[in-house]
Each structure stands twice: as C-alpha cells, then as structure tokens.
1. List every residue pair whose Cβ atoms sit under 8 Å apart, with the two residues 6 or more apart in sequence or on different chains, where the first one lies in the stretch 148-170 and is at negative phi and the second, anywhere, is of a type in the set (Asp, Glu) and not in a helix (DSSP H, G or I).
2. Only one of Leu166, Leu109 is within 24 Å of Ile8 (Cα to Cα), buried (at least 16 other Cβ atoms within 10 Å of the Cβ) and of a type outside the set (Asp, Glu); which?
3. So which residues in the stretch 1-40 are modelled with pLDDT under 90, touching a strand residue (DSSP E or B) at 6+ places or on another chain (Cβ under 8 Å) and of a type in the set (A, V, I, L, M, F, W, C)?
4. Which of (1) surrounded by fewer than 23 Cβ atoms within 10 Å (Cβ to Cβ); (2) of a type outside the set (Asp, Glu); (3) part of a helix (DSSP H, G or I); (4) within 19 Å of the chain's Cα centre (by Cα) does Ala102 not meet, given it meets every other one?
5. Which residue, of Phe78, Phe90, is among the aromatic types (Phe, Trp, Tyr) and crowded, with 16+ Cβ neighbours inside 10 Å?
6. Among the candidates Met43, Met76, Met82, Met96, which residue alone is within 19 Å of Arg13 (Cα to Cα) and of a type in the set (A, V, I, L, M)?
7. Kindly check whether there is at least one residue in the stretch 20-29 that is hydroxyl-bearing (Ser, Thr, Tyr), over 24 Å from Leu145 (Cα atoms) and out of contact with any Pro (no Cβ under 7 Å at 6 or more places or on another chain).
Amino acid sequence: MNKGNTYIGKMVRLAILVAVIFVMAYTPLGYLKILTLEITFLMIPVAIAAITVGPVGGAIAGGFFGLTSFIQCFGMSFFGAMLLSINPVFTFILCMVPRILAGWLPGLLYMAVNKISNKTVAVLTACLAAPLLNTTLFIAMLLPLFGNTDFIRGFGATPWAIIATLVGVNGLVEAAVGFLVGTAVGRALIYFFPENI
C-alpha cells in the first residue's frame with residue numbers, strides 16, 4: 001500500500017473514532033453516572049486511535065475527548081459544573097491537557113513495546129496504560145489547580161484522602177473496562193490495518 005493510501009486510511013480511522021467519541025459522550029455508552037460518581041469509557045476509542053493511527057492520532061482523539069468533557073461541564077456533569085463555576089480557564093485546561101497526553105503516551109508506549117515484544121503485548125500494554133494515564137494525569141492536574149477549593153477539599157481532609165475518594169471506584173472500573181474492551185477491539189483491528197504498524 002502506498003504512503004498516500006496509508007495516510008488516507010489513518011485519517012478515515014481517526015475520523016470514525018472521533019465520531020465514536022462524540023456518540024459515546026452524549027449517550028449512556030460513554031459515562032456511568034451515579035450521583036457524583038462519573039465513570040467514563042471514552043478512553044477506549046482514544047486507546048484504539050493511539051494503536052491504529054499512532055501517537056498523534058491518540059493525542060487528537062484525546063483532545064476531542066477533552067473537548068466533550070469540557071462541554072459536559074455545562075450542566076451535564078455535576079463535578080464538571082462545580083469546577084467550571086470555580087474557574088473556567090482551569091477547568092478547560094484540566095479537561096484538555098490530561099486527555100491529550102493520555103492519548104499520545106499510549107501511542108508511544110505501543111510503538112516501543114511492539115519493537116521489543118509483539119503486537120499482542122503492545123496492545124495489552126497500551127490499553128491498560130490509557131485509562132490509568134487518564135486517571136493519573138487528571139488527578140495530578142486537579143490537585144494543583146483546584147486542591148485548595150472547598151469543593152475538592154470536601155472529598156477528603158488530605159491530598160491522599162482526596163485521591164482515594166476520587167480514584168477508588170472510578171479508576172478501577174475505567175481501567176478494567178478500558179483494558180478488556182480496548183484490547184479486544186485493538187487486537188482485532190491491527191490485523192485489518194497492518195500498514196499502520
């Protein structure tokens with residue numbers, strides 16, 4: 001396959017995955033919301049973009065995830081709406097930067113592991129890393145930006161208590177679902193699109 005067709009193929013895959021992100025973001029497929037608990041499954045298409053398109057594709061998909069996350073702050077997410085009311089600029093940064101990095105880094109990780117091992121191990125690694133990075137980077141940015149606010153302090157008396165409360169169930173469920181679904185889909189797709197490796 002020539003480079004032009006490969007590029008077009010990657011752009012088509014990325015466009016489809018971005019469309020999936022938007023569908024998931026605004027239907028029950030993307031979030032499990034129970035009171036203030038919000039578990040997202042949007043890292044699945046981001047991880048698949050990182051694997052099948054590359055690190056830049058993962059970052060772009062992560063950026064669109066971040067954009068939908070920011071839009072959710074306008075009345076669709078209690079947590080996001082509270083942050084938006086405190087500081088809209090910080091909320092935008094919090095929604096965007098961790099998601100872009102959580103798409104870019106698994107793409108780099110996939111490429112590195114694929115060079116020293118095989119595609120299956122590389123997919124497993126990237127699909128586990130994506131939701132873990134999303135959660136870790138989000139919390140790592142949340143605490144400096146909003147850690148001194150009454151809203152975030154309401155989740156725990158210390159930074160570790162806040163982390164335990166916010167990451168606890170969310171992080172475990174997101175990592176498990178993202179790993180299982182992302183691995184199954186990503187592993188299948190790399191055989192359909194071998195030119196991207």
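The values are calculated or read from the model by the stated rules, or taken from the named source; none is laboratory data. What you are looking at is a predicted structure, and each value in this text was computed from that prediction instead of being measured. Note that each Cβ is placed from the backbone with ideal geometry, even for glycine, and that neighbours are counted across all protein chains shown.
1. Final answer for the pair search is Asn170/Glu38.
2. Values: Leu166 fails: within 24 Å of Ile8 (Cα to Cα).
When all the criteria are applied, what remains is Leu109.
3. Leu32, Ile39
4. Every listed condition holds for Ala102 apart from (1).
5. On the way: Phe78 fails: crowded, with 16+ Cβ neighbours inside 10 Å.
Every option except Phe90 fails the conditions.
6. Numbers: Met76 fails: within 19 Å of Arg13 (Cα to Cα); Met82 fails: within 19 Å of Arg13 (Cα to Cα); Met96 fails: within 19 Å of Arg13 (Cα to Cα).
After applying the criteria, what remains is Met43.
7. Here is the first cut: in the stretch 20-29, the residues hydroxyl-bearing (Ser, Thr, Tyr) are 26-27.
Within this subset, residues satisfying the condition of being over 24 Å from Leu145 (Cα atoms) are 26-27.
Adding the requirement that they be out of contact with any Pro (no Cβ under 7 Å at 6 or more places or on another chain) leaves 26-27.
Among the residues of the stretch 20-29, at least one is hydroxyl-bearing (Ser, Thr, Tyr), over 24 Å from Leu145 (Cα atoms) and out of contact with any Pro (no Cβ under 7 Å at 6 or more places or on another chain), which makes the answer yes.
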